[in-house]
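First comes the structure, then the notes that go with it.
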Amino acid sequence: MQISKSRASRRWRFVPVSVLFSVGGVCFALLVAWNYYGYRQAERYRGGSFRIGVDHNPPNYDWSPDGGASGFAVDVLNEAARRAGIQLQWVYCPRGSRAAFQAGMIDLWPVGYYRKGEYPILHQTRPWSEDLHAFVWDRSRFTRVSEDFREMPIAVMDRLATRAMAERLFRGAAILAVPSRPGVMQAVCEGKASLAFLDIRTVEGLLLNRPEGCRETRLGIKPMPASTDPLSLFSRKELAPLADLLRDHIDEMMTDGSVFAAAERWFSFSSTDVRQVLRLQEQSRSVRWLMVACAIMGIVIGLLVWLIGNLREARTAAERSRTLQSEFLANVSHEIRTPMNGVLGTADLMLDTVTDPETREQIETIRESAISQLDLLNQILDQSKIDSGVLLLETTPFSLRRLVEQVEKTFEAAARRKGIRILATIPEDLPALVQGDGLRIRQVLTNLVNNAIKFTNTGSVEIGLGAETLNGKISVQFRVRDTGIGIPKAQQEAIFEKFRQVDASTTRRYGGTGLGLSISRQLVRLMGGDLSVKSEPGEGSEFRFNVIVAPARATDQNKPQANSMPRSLAGLEVLVVEDNLVNQRVAQALLKRLGVTVHLASNGLEALAMCRTGFYDVVFMDCHMPEMDGYEATVEIRKLEGAISRVPIIALTAGVSGEERKKASQFGMDGFLAKPINREELAGALASIPRRVSPAL
């Protein structure tokens, strides 16, 4: 028993020692990694030349045509750059740092107010200096500064950060923004302002070299400790490591006295602020090392617990993020498609009535531009869904033959206008129906045919189709062959990258975003296949892709393809539920031209009330409306008594995602039409609706 206790105690004594060795090893590894990282960063920029901006802000920095940049900050940054092995090109920026960065004139700015998170496009280092502000006033006007600043004119430098500080400190004062620092002091000397608000170093320089109008003025100065601000080095985001490297060298210069030497050259007053910054840096370094040691101990002790909790939180956050991204994309699509429906619908209506050739051409231009805008929206949304992992494929029965024939028919007019032929080769032994995402397959095929026609000036575009059964699945092969300009071999993989085309002239000559082929390949791969190209410049191109689909079930094959048009649409009673006034008018006009009688409701509550008292052959229901949306309205209509509860309800919405379609079906809707709509789609939807006998007959 004693032996057992002795062994246990030795094991417990060994645990702290092993932990100490582990912590020491981790600390040593971190130290080596940190030093190696610093060495790599230094070597990365060594020998480079970078642009750094200045304006007139003596004695920190100043500019003269003959002498270039000079001042305290200029000397400090030049020495830091020398130690880092780089060259600084000083650039005069009279409009200030913000405008210079936005214009791409500079890479760095030596001194700026440290505002963490306030400049998202820029990087700020740790502060390396401080700026104390002071009041300056004319003693001949008043001997002391009043603490009541309401309606008092106070002159400040016309810089965003300075104005913001003055507005915060002097609430109710009349802030007078002056474009130059000497002008701020001149405003006091000339009586335009009661006080001048300037940083103490600028005041020092202006007192030694007074501006015009201030040489005989008896000036009073009062420092404001509450306005002390830390100053840091600014850089472009991508040059953050370089800025931090220079900042580390400034720490070395503070330690070896180089910063003090520069301060003594440029400041006539005491350089106590510089020494205070040094003491602050020393204390910060001590605190940081202590925090690092505590953090390492905490990591070693709580590593397993943290990992388990972090994994759970990451899973929850990922699921939440995916849901939010899906909702955001659906909202963006809805908000853009809703007004686009009004544009395209109105253009279609005008084309039916306008006969003047010039006016028709202008309306067609509007219509084609809107369609192009809609295509661009679809591409961006698809790419966003793919990148965020929220794009879901649907599985519905569809006809391969009909899909190819529809694509061919869609592009017949475009091919005819260019004087080329478009033809489809479809084998006779294709399955009548298959199960898969027919809309996405059609999207890929449409994109390839559209590109083929776009880049073909003479000859033809051929669509090929084939299918074979493999292990209970059907592999469908598509081929699009053209006699167009062709693609150089070196560029054939690049065209499948996002935003890439063969060269810059392709975009200027033929248009496009460079997203279509990238999205098409990703969609095809989601469907179990791949997209490839074979091409020779001047001899045309052949794009091939294959997808895996499932055989259609017997119940799917026996479903009627209800596309037969009734004898006449005249007399149909149609209820349109739409909250957007423009879309109401468009839908009403399109339906009236089909010969139906149209009734309007602005939201689900109105639609429900009208269904309680009236009879309709079909309801076109918007899904997103105030007071009561289309989903809830559909559920309530299905609860009504009589034939109206079985009225066909077709979703007419700007939401086009697969989730929207599933939701519409789950809530009892019989069909789905996506905005923007046209007369042919409305007629097709009405054609599939059988005539219902009114209960009054």
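The values are calculated or read from the model by the stated rules, or taken from the named source; none is laboratory data. Source: prediction; values computed, not measured. Here the Cβ positions follow ideal geometry from the backbone for every residue, glycine too, while neighbour counts run over all protein chains shown. The protein model used for the area step is the full one, side chains on, heavy atoms only, and it has no ligands, DNA or RNA in it. Shrake-Rupley method; radii C 1.70, N 1.55, O 1.52, S 1.80 Å.
Here the strands (runs of 3 or more DSSP E) wholly within region 596-679 that include at least 1 residues being over 17 Å from residue 580 (Cβ atoms) and modelled with pLDDT of 90 or more are 618-621, 649-653.
Checked against the criterion of being among the hydrophobic types (A, V, I, L, M, F, W, C) and touching a residue at least 60 places away in the same chain (Cβ under 8 Å), the candidates 88, 176, 169, 160 yield just one match: 160. Take the conditions (1) under 17 Å from residue 674 (Cβ atoms); (2) open to solvent by less than 10 Å² (accessible area, probe 1.4 Å); residue 625 misses just one of them, which is (2). Among the conditions (1) of a type in the set (A, V, I, L, M); (2) modelled with pLDDT under 90; (3) closer than 28 Å to residue 266 by Cβ, residue 155 misses just one, which is (2).
The number of residues in region 216-227 being within 50 Å of the chain's Cα centre (by Cα) and open to solvent by less than 10 Å² (accessible area, probe 1.4 Å) comes to 1. There is at least one residue in region 549-558 that is surrounded by fewer than 20 Cβ atoms within 10 Å (Cβ to Cβ) and either among the hydrophobic types (A, V, I, L, M, F, W, C) or modelled with pLDDT of 90 or more (or both). Residues of region 70-88 that are within 39 Å of the chain's Cα centre (by Cα), buried (at least 17 other Cβ atoms within 10 Å of the Cβ) and outside any helix (DSSP H, G or I): 86, 88.
Against the test of being open to solvent by 40 Å² or more (accessible area, probe 1.4 Å), of a type in the set (Lys, Arg) and at pLDDT 70 or above, the options 247, 265 yield a single qualifying residue, 265. Does residue 524 count as under 22 Å from residue 437 (Cα atoms) and either part of a helix (DSSP H, G or I) or at pLDDT 85 or above (or both)? Here the answer is yes, as residue 524 does meet what is asked.
The numbered conditions (1) assigned to a helix (DSSP H, G or I); (2) in contact (Cβ under 8 Å) with a residue 40 or more places away in the chain; (3) buried (at least 17 other Cβ atoms within 10 Å of the Cβ) are all true for residue 582 except (3).
Residues are listed down the side, and each one gets a yes or a no for (1) under 30 Å from residue 48 (Cβ atoms); (2) open to solvent by less than 70 Å² (accessible area, probe 1.4 Å); (3) assigned to a strand (DSSP E or B); (4) touching a strand residue (DSSP E or B) at 6+ places or on another chain (Cβ under 8 Å):
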| site | (1), (2), (3), (4) |
| --- | --- |
| 203 | no, yes, no, yes |
| 211 | no, yes, no, no |
| 214 | no, yes, no, no |
| 229 | no, yes, yes, yes |
| 234 | yes, yes, yes, yes |
| 239 | yes, yes, no, yes |
| 242 | yes, yes, no, yes |
| 255 | yes, no, no, no |
| 259 | yes, yes, no, no |
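Report whether or not residue 591 is assigned to a helix (DSSP H, G or I), touching a residue at least 60 places away in the same chain (Cβ under 8 Å) and more than 37 Å from the chain's Cα centre (by Cα).
In short, yes.
For region 124-144, the set of residues classified as of a type outside the set (D, E, K, R) and in contact with a Leu (Cβ under 7 Å, 6 or more places away or on another chain) consists of 125, 127, 128, 129, 133, 134, 135, 136, 137, listed by residue number.
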